[in-house]
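**Student:** Attaching a single structure in structure tokens format; questions to follow.
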Amino acid sequence: MSAAAWRKAMNTGAAANAWAPPARTLPGVPGSTAVVPSGAGVFSAIRPRHVIVLAALLVYPWVASPFFAFQIAGQALVLGLVALSLMFLAGYGGMVSLSQMTLAGLAGYMIAIFGVSETPEGVVLHWPWWLAILVAIAISTLAAALIGWLSVRTDGIYTIMITLAVGVAFYYLVLQNYSVFSGFQGFQKVHPPRLFGIDWRSPVPYYYLALAWALAGYFAVKYVARSPFGLALQGVRDNARRMEALGFDVTAHRIAAHAFAGAIAAVGGILLTWFNGLIGPGSVGTNTLINVLIVAVIGGLRHPIGPFIGAVVFVLLQNFAIDLVDRERFNLVIGTGFLLIVLFSPDGLLGLWARLRARLGNGAGKPS
């Protein structure tokens, strides 16, 4: 396709039909390829197994205990939603950001400040819940665009260090500021609004609330990845100079990607604040910034389902690793698992699954 045809396809919204992304070989799987479908909607690739998984997710809280519905599944869905924002930036944009939990925490602080909460020193405005949510998401999205504007002009380790510096700066801001953020005490009793007579922090209602937004985030990322903007963003990831030569504004695409990812992280941050019932400096500390990266890498950065798989593994280890090792050595368990995944499967657990399927497929085709 010529440069003029490429530009026309992207500008008219017909990119999905005019250009098919090149097949990508999965690392460690000879002969296997992963292709982004072209000209297909989000729901066109639905298979029977997807329906089965969705049915299982809907039934899960009725067959599981409240602990597994709320503490395990609910937390994993929300943490996966925050990690999904990182997966979008890294997987489709080639930008690794360590500020996604910072954006989630900022949204949590905003929902506590503008909504209803308790604090000994901070500001609480008691705005209507729907307005507080909109303001929290808008502020986090704007902050994400600003972080993107600061970081997209760099690459690799420099981008990581800039976003890490922003995260650390925000941590010390909320830790030392008492007039607005209530310092190290933070905000208590930050609960979701009671709608339709339902307590949305109860195990089953909260699970469905988290599931609904996790699905919304998943399908939003899938849709954007197939849109002209998403295809152009992947082109920027692969060859920024060539995309710029074709007439695309590389910086604008990257900043827009940060803003979109920031909106997803903001929703996850609000849900995570409601899950904990509080928000404080510990929610935006360095450990939490790294944990989001670990969750995304463990699951896999090449598909939107990866962060949720990584979140399930992380939450299970977080809750049950103390049965195997001391609580103080939890980070050792997580770090060891992270190193093993990176060494043996750079694509995370999804990469291991792809390699297993490839081997089984090759074995099935060979004569016994």
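Computed from the coordinates by the stated procedures, all read-outs in this text should not be read as laboratory data. Quantities reported herein were computed from a predicted structural model and do not represent experimental measurements. Virtual Cβ from ideal backbone geometry, glycine too; neighbours counted across all protein chains shown.
**Student:** Any residue at all in region 91-104 that's in contact (Cβ under 8 Å) with a residue 12 or more places away in the chain and out of contact with any helix residue (DSSP H, G or I) (no Cβ under 7 Å at 6 or more places or on another chain)?
**Tutor:** Checked region 91-104: at least one residue is in contact (Cβ under 8 Å) with a residue 12 or more places away in the chain and out of contact with any helix residue (DSSP H, G or I) (no Cβ under 7 Å at 6 or more places or on another chain).
**Student:** Tell me, yes or no, whether region 181-198 has at least one residue that is assigned to a helix (DSSP H, G or I) and buried (at least 18 other Cβ atoms within 10 Å of the Cβ).
**Tutor:** So far as region 181-198 goes, yes, one or more of its residues are assigned to a helix (DSSP H, G or I) and buried (at least 18 other Cβ atoms within 10 Å of the Cβ).
**Student:** Quick test for you: out of 184, 196, pick the one residue that is among the aromatic types (Phe, Trp, Tyr) and touching a residue at least 12 places away in the same chain (Cβ under 8 Å).
**Tutor:** On the way: 196 fails: touching a residue at least 12 places away in the same chain (Cβ under 8 Å).
Selected residue: 184, the only one of 184, 196 that is among the aromatic types (Phe, Trp, Tyr) and touching a residue at least 12 places away in the same chain (Cβ under 8 Å).
**Student:** Another question about this same structure. Do the conditions hold for residue 308, that is, is it under 19 Å from the mean Cα position of the chain (by Cα) and hydrophobic (A, V, I, L, M, F, W, C)?
**Tutor:** Yes: the conditions hold for residue 308.
**Student:** Looking only at region 151-161, count every residue that is part of a helix (DSSP H, G or I) and surrounded by 19 or more Cβ atoms within 10 Å (Cβ to Cβ) and tell me the total.
**Tutor:** 2
**Student:** If you don't mind, there's one more thing I want to ask. If you scan region 239-251, which residues turn out to be loosely packed, with under 15 Cβ neighbours inside 10 Å and under 21 Å from residue 85 (Cβ atoms)?
**Tutor:** Selection gives nothing.
**Student:** Now a separate question. In region 118-150, which residue that is in contact with a Phe, Trp or Tyr (Cβ under 9 Å, 6 or more places away or on another chain) and buried (at least 24 other Cβ atoms within 10 Å of the Cβ) is nearest to residue 273 (Cα to Cα)?
**Tutor:** That would be 136.
One line per residue, one yes/no per condition, for (1) buried (at least 18 other Cβ atoms within 10 Å of the Cβ); (2) basic (Lys, Arg); (3) in contact with a strand residue (DSSP E or B) (Cβ under 6 Å, 6 or more places away or on another chain):
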site: 227; (1), (2), (3): no, no, no
site: 259; (1), (2), (3): yes, no, no
site: 278; (1), (2), (3): yes, no, yes
site: 302; (1), (2), (3): yes, yes, no
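**Student:** Let me ask another. Give region 131-149 a look and list any residue that's under 14 Å from residue 111 (Cβ atoms) and either over 17 Å from the mean Cα position of the chain (by Cα) or among the basic types (Lys, Arg) (or both), or say none.
**Tutor:** Correct list: 131, 132, 133, 134, 135, 136, 138, 139.
**Student:** Just one of 270, 309, 294 is within 22 Å of residue 205 (Cβ to Cβ), touching a Gly at 6+ places or on another chain (Cβ under 8 Å) and assigned to a helix (DSSP H, G or I); which is it?
**Tutor:** Criteria check complete, one pass: 270.
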